[in-house]
Amino acid sequence: MTYNLMRFIPLSVLPLMLSCGVPSEEAAPALLETQAQALATGTPASTGVLAFLNSRSTTLAVLDFEVPLNALTAQSIIAHRNGPDGVEFTADDRHYVSIEQVDAIAQVGPAALATLEAYVRGTGRVEMPLDEQVGTFHGVAFNLAEARRVVAAANTESLAALQNTVGLSASQAQAIVAARRIDHIVELSRVAFMNGAALQGLKNHVALAPDGDPCTGPATCQAGLSCQGLAFGGPIAYGRCRSNAPIAGDSDSCSVMRPCQPGLVCSGSESGSPEGICRPAWMAGTFTNYSDLALPGSTVQLVSVVGVVGLATVPEDITVVLDLLHSSSSNLVLTLEDPGGETALLWNGPTEGRPPSRIPVTRGIPRDGTLNGKWKLHISNPAGQGSGTLREWSVKLTSRFD
């Protein structure tokens, strides 16, 4: 199971909760980042914006009225895409390949980029973890899981239930029913008579989370579920609702040649053991930071953070995966820090050479330490030589109960 966490969010959107990312299908206390980081080329937000702008269904009318952008900005974006002849579907049409390319167009600036990102997030065009913030609508903030549940309720609850159970006015309930099918939270927010009270009522109506959705404590999950993996050390502690039902084959031994039963993962094998133990699949996850972190020729240590939530209490397997470009990577020293402050020397470039893209952590961090919370990758360059970019990194974990 993969969770892409610590996704960067612009200042115009509420901070992510120990997110970072996920992910993938599915976050933890978040750092508020800048618009430039949110839309760094290669991040999920930038990928969503570029795909939206390259789609031929994204017409001038969509940009002007639906997003909405300033009319001149919308015209400039379409004109650039259509190429010098100004006609779409001809040989000189252009394809947007980077946010820098979009930003260079006349009339496009930070406000337009923020509006585009908010729209693609709200309409589901950005891959994000379930507890990453989609946006704020009529003053009500929604993460992805909440937005999905609210949209589902808007599409399925009867007119009577919308009024009598949710507490909407007759006009609001009738407008929602008339608007069906509602595809996303942006569309719902624009239904006639919609306001903050109505959206908050819908959000409260679906407050109890199902299996796998974010939770903040024992009373926030549906019946038969418990809130596991609350983040350690974050301003907002989020976990995941998990089923307590037993799974056949749990705790059986396993290996590469003897995989676990469906619904289970083999935990422990990536730490060098020839055998592992079958654990529920939710006890494993990959958490990614699309950092696009510049690594200048400097001796200053840099830190990138990944938020981990929803696992059991202590780690078994810990593997770091790097997407790192550097002109002198053999000078780099990489250290991993767990949420409890324990550290492991991942790689010592001056003595070990160029770091590989995948590093199993078999030293330093104890297997009875803190698991859910902020994991930090420290990057130092003692010689101050060379430069590059940490494009993204992931920490891949399996876990167990202490």
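Does residue 294 satisfy the criteria of being surrounded by fewer than 17 Cβ atoms within 10 Å (Cβ to Cβ), closer than 30 Å to residue 389 by Cα and at pLDDT below 95? Step through it out loud before you land on a result.
Numbers: surrounded by fewer than 17 Cβ atoms within 10 Å (Cβ to Cβ): yes; closer than 30 Å to residue 389 by Cα: yes; at pLDDT below 95: yes.
So residue 294 fits the description; yes.
Take the residues in region 226-247 that are open to solvent by less than 80 Å² (accessible area, probe 1.4 Å) and either of a type in the set (S, T, N, Q) or more than 23 Å from the chain's Cα centre (by Cα) (or both), then tell me which one is nearest to residue 203 (Cα to Cα).
Ranking the candidates gives 226 first.
Output the residues belonging to region 155-203 that are small (Gly, Ala, Ser) and either in contact with an Asp or Glu (Cβ under 6 Å, 6 or more places away or on another chain) or more than 18 Å from residue 135 (Cα to Cα) (or both).
Those that are small (Gly, Ala, Ser) and either in contact with an Asp or Glu (Cβ under 6 Å, 6 or more places away or on another chain) or more than 18 Å from residue 135 (Cα to Cα) (or both): 158, 160, 161, 167, 169, 170, 171, 173, 175, 178, 179, 192.
Restricting to region 278-312, count the residues that are within 28 Å of residue 255 (Cα to Cα), touching a Ser or Thr at 6+ places or on another chain (Cβ under 8 Å) and not small (Gly, Ala, Ser).
The total comes to 7.
Under the condition of being closer than 28 Å to residue 269 by Cβ and acidic (Asp, Glu), which residue from region 286-337 is farthest from the chain's Cα centre (by Cα)?
Once the filter is applied, the top-ranked residue is 316.
Which of the residues that make up region 271-291 are open to solvent by 60 Å² or more (accessible area, probe 1.4 Å) and outside any strand (DSSP E or B)?
Those that are open to solvent by 60 Å² or more (accessible area, probe 1.4 Å) and outside any strand (DSSP E or B): 272, 274, 275.
The values are calculated or read from the model by the stated rules, or taken from the named source; none is laboratory data. The shown structure was predicted, so the numbers you read here are calculated from the model rather than taken from an experiment. We place every Cβ from the backbone using ideal geometry, glycine too, and count neighbours over all the protein chains shown. Please note that ligands, DNA and RNA were not included when accessible areas were found on the heavy atoms of the full protein model with its side chains. Shrake-Rupley method; radii C 1.70, N 1.55, O 1.52, S 1.80 Å.
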